[in-house]
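Derivation of every value follows stated rules applied to the coordinates shown; laboratory data play no part. Note that the structure is a prediction, hence the values are computed from the model and not measured. Methodologically, a virtual Cβ is constructed for each residue, glycine included, from the backbone with ideal geometry; neighbour enumeration extends over all protein chains shown.
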Amino acid sequence: MKIALLLVGYGNVARRFVQMLDETRPALSQLHIEPVVVGVVTRRHGRAFDAAGLDMARLDDVLVADREGEPSAVGFISDALARLPGDQWTARVMVETTTLDVRLGEPAISHVRAALALGADVITANKGPAAFAYRALADQAVRAGRSFLFEGAVMDGLPIFNMVRETMPAVTVRGFRGVVNSTTNYMLTAMEHGESYESALARMQQAGVAEADPSLDVDGWDAAAKTAALANVLLDAGSTPLAVAREGIGPETGARAIDAAKRGLRLKLVARGSGHGPAADLRVGLEELATDDPLAMLEGQANALELDTWPLGRVVITQRDGGMEKTAYALLSDLMTVCRGLPVRSIDRSQR
């Protein structure tokens with residue numbers, strides 16, 4: 001299977017994904033999967049296209065900076081896919097890893113719409129499409145007979161959406177709760193042991209986990225976007241991050257973490273969703289948890305999500321080590337789903 005990959009966004013996650021394609025090439029070859037990166041478009045560093053395949057080792061040398069009059073990223077996607085006739089490829093896949101706009105979900109939503117409209121499968125690690133427009137995009141993918149996959153949008157490489165879609169048939173998800181932001185969990189753990197807010201944050205920035213502007217993490221926006229994505233997919237909420245009740249952490253939170261620990265509790269930033277449809281209750285906030293709670297046991301950058309289901313009850317999935325490599329793996333996992341040719345459906349909770 002010869003798979004044409006069009007990369008929209010080429011930051012750390014996308015670069016690690018490309019490296020992982022090389023690292024797993026022997027395993028992919030055994031499955032007769034041959035991924036070929038044919039196009040890259042970035043916001044700052046330019047764009048490149050070659051229908052025969054780009055030399056990714058020399059990509060930085062061939063990226064052409066945007067010039068006046070050149071098409072937008074959506075235009076680039078349309079032009080590139082038009083130059084990749086479907087009959088010459090087993091699949092054409094857009095891999096979308098642009099930065100989240102937590103107010104609108106753009107431009108990622110427009111990128112997804114453009115690719116689906118031209119018959120390409122879509123993989124994204126951006127939370128925006130699922131957090132703002134899941135149902136519309138899932139319906140468009142079904143009509144086009146294509147995949148719209150976003151496993152890396154919520155908990156790095158953990159197979160949350162794949163698990164529910166493929167391995168939990170006829171299960172009703174009644175709600176969820178989780179620790180879904182690595183930066184804030186690390187900071188809470190550090191502050192609980194006496195480290196300052198500023199020092200803990202600087203450590204996460206130095207590690208490349210938190211951005212230079214960390215407000216998405218510490219103000220709770222990242223967790224709110226993940227909450228909306230989970231709720232839209234699992235609870236049919238039709239929500240957005242703007243509708244999620246939200247609390248973050250600040251310098252004063254350290255004293256709360258230390259006080260909770262003295263009382264035999266642990267302070268965690270917990271994302272919650274319960275109910276069904278537009279009436280679903282969605283929130284992100286600080287909670288004091290008993291030490292035997294699976295969320296309280298999380299140290300450092302660890303994440304976990306608990307699903308409240310019928311008839312399976314409470315199901316917990318934990319990732320003890322988060323980070324960029326795991327998100328890159330989520331893109332690879334979604335690519336494998338496309339290549340397996342599974343009938344990828346939306347997780348339809350509208351009738352539950």
Lys/Arg +1, Asp/Glu -1 at C-beta; the chain dipole; positive extreme among Trp89, Ala223, Pro278: Pro278
Given 4 °C and 1.567 mPa s, compute D for region 167-321 with the Stokes-Einstein relation, Rh being the Kirkwood radius over Cα pairs; round to the nearest whole µm²/s. 82 µm²/s
With Cα springs under 10 Å, the Gaussian network model of the chain assigns the largest mean-square fluctuation among Asp292, Asp281, Asp139 to Asp292
Rounded to 5, percent antiparallel among DSSP beta bridges of region 21-175: 40 percent
Please give the calculated 222 nm ellipticity per residue for the chain, where each DSSP H segment of at least 4 residues contributes -39500 (n - 2.57) and the sum is spread over every residue; nearest 500 deg cm²/dmol? -11000 deg cm²/dmol
In sequence order, what are the phi-derived ³J(HN,Hα) couplings for region 175-182 according to the Karplus relation 6.51 cos²θ - 1.76 cosθ + 1.60 with θ = phi - 60°, rounded to whole Hz, with x for glycine and proline? x, 7, 8, x, 9, 10, 10, 5
Show me the ranking of peptides 300-308, 165-173 by mean Cβ neighbours inside 10 Å, starting with the highest. 300-308, 165-173
Kindly rank 145-155, 14-24 from highest to lowest mean number of other beta carbons found within 10 Å of each residue. 145-155, 14-24
Each residue of region 82-98 in order: what ³J(HN,Hα) in whole Hz does its phi give by Karplus 6.51 cos²θ - 1.76 cosθ + 1.60, θ = phi - 60°, with x for Gly and Pro? 5, 8, 10, x, x, 6, 9, 9, 5, 7, 10, 10, 8, 10, 9, 9, 6
Among (i) 0.98; (ii) 1.00; (iii) 0.95, the entry that matches Rg/Rh (Cα atoms, Kirkwood Rh) as calculated here: (i)
Evaluate the relative contact order of the chain (contact order divided by residue number), counting alpha-carbon pairs under 8 angstrom at least 6 apart; express in whole percent. 19 percent
Burial order of peptide ranges 26-35, 214-223 (average beta-carbon count within 10 Å, highest first): 214-223, 26-35
In sequence order, calculated HN-Hα J values of region 122-135 (Karplus, 6.51, -1.76, 1.60; Hz; x Gly/Pro): 10, 10, 9, 9, 7, 6, x, x, 6, 7, 10, 9, 4, 4
